[in-house]
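Working notes, beginning with the structure itself.
The values are calculated or read from the model by the stated rules, or taken from the named source; none is laboratory data. None of these values were measured; they are calculated from a predicted model. All Cβ positions, glycine included, derive from the backbone under ideal geometry; neighbour counts span all protein chains shown.
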Amino acid sequence: MIFSSSIFIFIFLPLVVFVYYISSKKIRNNILLIASLFFYAWGGLSYLKILIVSILINYLFGILIDKAKDKINLKRCFLLLGIILNLLLLFYYKYYDFFVSNVNTLFNSSLSIKNIVLPIGISFFTFQGMSYIIDIYRNDAKVNKNIFSVALYIALFPQLVAGPIIKYKDINNQINFRKESIEFFSYGINRFVVGLSKKVIISDILGAMADNIFNLSTTGIDMTTAWIGAICYTFQIYFDFSGYSDMAIGLGYLFGFQFPENFNYPYISKSITEFWRRWHISLSTWFREYLYIPLGGNRKGNVYFNLFIVFIVTGLWHGSSWSFIVWGLWHGLFMIIERLIRNKMWYKKTPSFIKLFSTMIIIMVGWVLFRASSLKAALEYLAIMVGLIKFNDMTFTYQYFINNKFIFWIIMAIIGSTPIIRKVSHRYKNNKLFQLISVIIISILFIVSMIFIINSTYSPFIYFQF
């Protein structure tokens, strides 16, 4: 079940909200847990079994770590074993086939490929589960001996399959002591509709253009068309994922939860370092707190190695293919370069627009690695972008794609990728006329989004595959 589907919007969500609010506060968490398990089971009961195993592992090791208390070595052993079990579960379902295929290639062996179906959102709920036991180990949060509360933290449907990844210490108090309000509910609806429109209108339209061009790249496109495809995908993935995050945050507010922000206009970044402070914030903060800092963080001599490790893992987290690994290394490389040059006078004096432009080029090249079906396909596409591969016989050239529709949606995407709308909203938020106009705009966005949903084919969120 996806958020941008009629069955979710008109049946599942209204039913859950209705039952939740007519129930006493004592059982509201149980209502949410049942709804969350049903939501996940919609994709297949086999998926639900994996989620339940993850919940049981982390609940059990949370108890064991807490009971060990001052027995540091035993406590550390329980933490290590809990992390290993989490990672083994993730490895088997996400990386086993990739690992075996590479072993077969490297050693000319014939180990069997299982063709394992990837459970939706396994990377997300695995990281939340590990956050639970790590926070207990560090005494950043108290163990929760109510298994249903732990299950709700890991399986809460608004953020179960694509985040934001929420650290346990940041939300444990909300699980049992949150307060719902009309203001939260109203904000949640508005945030959900904004996210819905970002996904089904802007992202899906630009995504269709990107798909056409990337598919044509195997038969022949010109350099300009290749750049158009990269630009379309750059905006597609932003509006797809940030749209999902908006919807998840909005859904959280409907039930009194305040999830952390996951995006802060990443395409206005003037460096890759800044980009990762603005893009998928919950993942980057998770890696910083639970991997980068434990490795040594910014300590002199270790920082470049630590960044290298973090971005290899970041690439692997996104997918079991070499193109994702290279994508992670691509970003890690520029993070390291920026640390080396950030104090140079020439870099400090470089105009902001040059930094912005160069950062966007680096990001777009990375998205080609991210989007392509394989590393080979990505390198071939990049070769077309820089003119190293040229085709003499092409069915379509850039003139076919640069039309009024393309120009309109790119302008909308650029505006939506900047804080312009947010600044206007904050400036006039207390103006009665502006409030009325905002309600009308939200209503129109919802109606248009539903028209797009009814008239379009199924289009899953990109980050569901992770």
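Quick look at the numbers
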quantity: Every pair of residues 6+ apart whose Cβ atoms lie under 7 Å, when the first sits in the stretch 208-219 and is at negative phi and in a helix (DSSP H, G or I) while the second is of a type in the set (G, A, S) and surrounded by 15 or more Cβ atoms within 10 Å (Cβ to Cβ); calculated: A210/G229; I213/G229; F214/G229
quantity: Single condition L152 does not satisfy, out of (1) assigned to a helix (DSSP H, G or I); (2) among the aliphatic types (A, V, I, L, M); (3) more than 15 Å from F259 (Cα to Cα); (4) outside the structural domain of A248 (by the TED database); calculated: (3)
quantity: Complete set of residues in the stretch 108-125 that are more than 14 Å from S320 (Cβ to Cβ) and either among the polar types (S, T, N, Q) or not assigned by the TED database to the domain that holds L51 (or both); calculated: N108, S109, S110, S112
quantity: All positions within the stretch 9-27 that are crowded, with 18+ Cβ neighbours inside 10 Å and not aliphatic (A, V, I, L, M); calculated: F12, Y20
quantity: Spans of helices (runs of 4 or more DSSP H) in the stretch 354-466 with at least 2 residues in the same structural domain as F214 (by the TED database) and in contact (Cβ under 8 Å) with a residue 24 or more places away in the chain; calculated: 375-385, 398-401, 404-416, 432-455
quantity: Which numbered condition S197 fails, given (1) crowded, with 22+ Cβ neighbours inside 10 Å; (2) polar (S, T, N, Q); (3) not assigned by the TED database to the domain that holds L283; calculated: (3)
quantity: Verdict on T105 being in the same structural domain as D70 (by the TED database), polar (S, T, N, Q) and over 21 Å from L45 (Cα atoms); calculated: yes
quantity: Filter result for the condition that a residue is crowded, with 19+ Cβ neighbours inside 10 Å, at pLDDT 95 or above and under 22 Å from T359 (Cα atoms), over F239, F255; calculated: F239
quantity: Scan of the stretch 294-324 for residues that are among the hydroxyl-bearing types (S, T, Y), buried (at least 16 other Cβ atoms within 10 Å of the Cβ) and not in a loop (DSSP other than H, G, I, E, B), ordered by number; calculated: T314, S323
quantity: Residue ID - nearest to L329 (Cα to Cα), chosen from residues in the stretch 380-405 that are buried (at least 17 other Cβ atoms within 10 Å of the Cβ) and either in contact with a Phe, Trp or Tyr (Cβ under 8 Å, 6 or more places away or on another chain) or aliphatic (A, V, I, L, M) (or both); calculated: L382
quantity: Selection within the stretch 261-284 - among the hydroxyl-bearing types (S, T, Y) and without any contact (Cβ under 8 Å) to a residue 40 or more places away in the chain; calculated: S284
